[in-house]
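Shown next, in structure tokens, is the structure this report addresses.
Just so it is clear, none of the values below were taken in a lab; they were calculated from the coordinates. Quick caveat: nothing in here was measured; it's all calculated off a predicted structure. All Cβ positions, glycine included, derive from the backbone under ideal geometry; neighbour counts span all protein chains shown.
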Amino acid sequence: MGILASMIMYCVGNSQDFRAMRAPGLINCDNEEMATNIVSSKGTTAHMTEEESASLSTLTIAQRGGNVTKKSQTLQRGKKASIPFASFTVLEFVRYSRALKDEKQLTRMQVLERVRAAGLAKSLNCRLKRLSVVEYRALNMAIKTEEDTQAAYVNFEGLKYSRKNKKTLNRFVNTWAARLKVFVLVDDNRFIPKKVKNLG
């Protein structure tokens, strides 16, 4: 089901269907705290999202003397999600993540500009473990958004409903929608603003 609000589309369903509808080349902020995979090969261990590791060949990894261990963290009502790289600061995580794409390290001011543009008001020295799930998704928006980015797919499946989470989620989504088309996945209808168009 899709519900359209300006440049925002709220989707109710599951992650698998949501990922299938994404167009190539658009940014994706997935629910990494929900399910991750640890992939090991010849002493090297990598932390990957469920989607990333699904594209790997388990047989190939095994042939190289490695193994794949799936760690699913299904959110239960009232149970806090586990944020990856929890000991990193916001500054460290943005620099680390962008270094995988860019040769030059971002200055502190460049990191701050990215974080503020995504609507995140946290200090650059804040540890990721202190971020809420919604704030962590905003941080990923800050990292992945480029000047030519046209749309973003943001997965909130598993996020526990509360008035506070709804208010925070919609505030961030509206911030992003000022620049992009935003597709938002939720699994609780109460996150969706009442005054939006239901596409059935």
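With a cut-off of 18 Å on the backbone N, the residues of the range 113-133 near the modelled label site 7 Å out from Ser87 along Cα-Cβ are 125-131. The value for the range 72-191 of Rg(Cα) / (2.2 N^0.38 Å) is 1.06.
Charge tally for Met7 (other residues, Cβ to Cβ under 10 Å; Lys, Arg +1; Asp, Glu -1): +2.
For the pairs Lys144/Lys166; Lys101/Lys166; Lys129/Lys160; Lys122/Lys181; Lys129/Lys164; Lys164/Lys195, note any where the Cα-Cα span goes beyond 21 Å. As for pairs spanning more than 21 Å Cα to Cα, those are Lys144/Lys166; Lys101/Lys166; Lys122/Lys181.
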